[in-house]
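Working notes, beginning with the structure itself.
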Amino acid sequence: MSELTLFLVRIAFLAILWIFVLSAISVIRSDMFGARVPTPAAPGKQPRAAKPQAPRRGQPSHVAVVQGVNTGITADLAQAPVLIGRGNDAAIRLDDDYVSTRHARIVSSGGQWYVEDLGSTNGTYLGSQRLTQPVPVGLGSQIRIGKTIVELRK
Amino acid sequence: MATNSALMGFVHRRRRGAELFLLILALIVGIGAYAAVGLGIEGEVPTNLIGYGGWLTLLVVAAHVAVRLVAPYADPVLLPIVAALNGLGLAVIHRLDLAKETGLATQQLVWMTLGVILFVGTLVVLPDHRLLARFTYTSGLTAIGLLVLPMIPGLGTEINGAKIWISVAGFSFQPGEIAKVLLVITFAGYLVVHRDALALAGRRVVFIDLPRGRDLGPILMMWVVSLGILVLQRDLGSSLLFFGLFLVMLYVATERPGWLVVGGLLFFSGAAVAFRIFSHVQNRVDIWLDPFADPNGSGYQLVQALYGFAWGGLIGRGLGEGMPERVPYAESDFILAAIGEELGLTAVIAILLLYGLVVERALRAALISRDGFGKLVATGLGAVFALQIFVVIGGVTRLIPLTGLTTPFLSYGGSSLVANWVIIAILLRISDQARRPLPDLKESAEDPDEQATQIVKVVPS
């Protein structure tokens, strides 16, 4: 086995090793940016569900603070997602010591409103239930955030 | 939080094709290294290349098919990376076998087979990682039991001054490696329940909120017991690992940076005490400060490893061209020195990057996981991995004093290999759960009676 062959074998092996490392990194990269948006007409779904939802009567149009220091503040749901918290970027800014900077938000998905806790320290409650995942909310369900209560209104 | 991903219309792809592509590359790395060893030492491609390569391919394909069937959304990068590391490790061990006329590579292949079987078994038996939360205290007690096992006379064997092995029917096994995984589950299960109490209830002392004794007590006791056992067994590497693991998980669970300060102070005072009372700690520090003080005696191993790295240079001597067998324990703790000598800095950096990617994927799974227990387990397993690599590679390259630990997936050592395959299986399970799209919550009908019944998975507690 000549010196040159062994040298080439060594270089080839190092090249393969690095090709593997770089491909792994490129898979991670495409994993970050290449996520696909679910298609509205997923197979096996009722055709009825794909129909555009007509604006229904009785749909909430804004969020209002009904109890707490900031009672009376409202935010328009047209600008969803509505961020609730103590931070300056929140659509509903609460001066409540028990509220986190980015505490919770209200988002819409498929014509239904959901409230989602954003990893707050003291939690977001619907009734006595602490939220661990997005939960659908309707008109008048009271969402408790720290010492404040907000609800969806018409 | 990961829950927003589904709400923002963002779904992870399955990526099993990408995994298969990377696995093929990983196999080329592993089998290529084996062929290069044969070319370098015997001047010809090894005769059993087909059999060896076929067995490796069979193991990798089995793991891949299992992931496809039972964890289709799991992370696509983890399995190929560990397959490549394991394959490369096998080739380097085989190379040392040829120099020393031992048969460790065959044994390591048997252990790898067992590791892959356990990997598949874990994925199949564990459809949801939250099931592990049920075994919080059971796994803690089992971990302590396993740690005590080597101290039982007759069962435990002492190798190189550390009583951390048990030998059953000719096989020696390090129960501490399994205990590592169990302790992560214990810490995670306990902290996820008590994290609020730990973070909020308590008195403020100087700059840190000390939690109440009844909140911290049980976990602290478990940790002190396991650490005490390790100190009695003179297993410095593992005690460092458990200490760091406990600290990281406490910090992640409570979000209080003060813990890191307290932990750091405790670590340095503990290290100072250990330096005073244990002669072998002093030894290790002396070797670290000046390995050339006694290059043929106590410093021999480290000096030979450093010469190996230096001789290897940027692209190494070539597989089979160096003399890595001069380093004692080159096949276990010092395998990186063998790689540095024969494949050079280029390969060492690639390996460090691969380890970095494993840790990154573990933390990624923790970030996107939807439940606190999954987050903590993934963080803990990632931290164990990162700490172990830092401690052993830092020791081999003389960045920190050497403490004996195995290099995950590369080193010869059955218990470590098997435990690491189980760790990867748990990480894949968590990432599978986290990347799986949420069930569609869209209300399809005005009339609640028309709505389809939805299966809601209950979180076991």
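Computed from the coordinates by the stated procedures, all read-outs in this text should not be read as laboratory data. No experiment lies behind these values; they were computed from the predicted model shown. Ideal geometry is used to build each Cβ from the backbone, glycine not excepted, and the neighbour counts take in all protein chains shown.
Shielding of peptide B:343-353 by partners, expressed as the average count of other chain Cβ atoms within 10 Å per residue Cβ, is 3. For the stretch B:1-116, taking the reciprocal of the average inverse distance between every pair of different Cα atoms yields a Kirkwood hydrodynamic radius of 15.6 Å. Dipole check for the protein assembly as shown: with +1 at the C-beta of Lys and Arg, -1 at the C-beta of Asp and Glu, and the Cα centre as origin, the magnitude is about 1880 Debye. Between residue B:164 and B:159, the built amide H atoms are under 5 Å apart, and every one of these is 5 or more places off in sequence or on another chain. Here's the picture: charge each Lys and Arg Cβ at +1 and each Asp and Glu Cβ at -1 in the protein assembly as shown, and of A:59, A:106, B:154 the one pushed furthest to the positive end of that dipole is A:59. Of the options B:350, B:313, B:287, report the single residue whose Cα projects farthest towards the positive end of the charge dipole of chain B (beta-carbon charges: Lys, Arg +1; Asp, Glu -1). Sorting the options by dipole projection puts first B:287. Within the stretch B:214-344, the percentage of alpha carbon pairs spaced more than 23 angstrom apart rounds to 52%.
When each of the peptides A:75-86, B:391-402 is scored by the mean number of other C-beta atoms lying within 10 Å of its residues, the order from highest to lowest reads B:391-402, A:75-86. Loop-located GluC sites (Glu not before Pro) in the stretch B:17-112 (DSSP state not H, G, I, E or B) with no more than 11 neighbouring Cβ atoms inside 10 Å: B:44, B:101.
Projecting the Cα atoms of B:242, B:197, A:129 onto the dipole axis of the protein assembly as shown, where Lys and Arg carry +1 and Asp and Glu carry -1 at the beta carbon, places A:129 farthest toward the positive end.
For residue A:124, the residues whose amide H sits under 5 Å from its own are A:131, ignoring neighbours fewer than 5 places away on the same chain, with H placed 1.01 Å from N.
Given the protein assembly as shown reduced to its alpha-carbon atoms as identical point scatterers, what log10 I(q)/I(0) does the Debye formula return at q = 0.05, 0.07, 0.09 Å⁻¹? Values returned for q = 0.05, 0.07, 0.09 Å⁻¹ are -0.27, -0.51, -0.81. Annotation: amide H-H contacts under 5 Å for residue A:109 (H modelled 1.01 Å from N, sequence separation of 5 or more, or interchain): A:114. Over the Cα atoms of the stretch B:256-312, each weighted equally, I'd like the Debye log10 I(q)/I(0) at q = 0.29 Å⁻¹, rounded to two decimals. Here the Debye-derived log intensity ratios amount to -1.04. Remark: the stretch B:317-436 projects, on average over all directions, an area of 7.9 nm² (convex hull of Cα atoms). Stretching the chain fully between residue A:97 and residue A:12 yields a gain of 24.4 nm (0.36 nm per residue, less the alpha carbon separation). Against the compact-protein benchmark of 2.2 N^0.38 Å, the Cα-based radius of gyration of chain B scales to 1.03.
The ratio of the alpha-carbon radius of gyration of the stretch B:99-244 to the globular-protein estimate 2.2 N^0.38 Å is 1.28. How big, in percent, is the set of alpha carbon pairs in the stretch B:112-177 lying more than 13 Å apart? For the stretch B:112-177, the fraction of Cα-Cα distances above 13 Å is 72 percent.
Using θ = phi - 60° in the Karplus curve 6.51 cos²θ - 1.76 cosθ + 1.60, the 3J(HN,Hα) couplings for the stretch B:125-135 round to 6, 10, x, 8, 5, 5, 4, 5, 4, 5, 9 Hz; x is entered for Gly and Pro.
Taken residue by residue and averaged, Cβ atoms of other chains lying within 10 Å of the Cβ of B:33-40 number 3. With K and R counted +1 and D and E -1, the other residues having a Cβ less than 11 Å from that of residue B:64 yield a net charge of +1.
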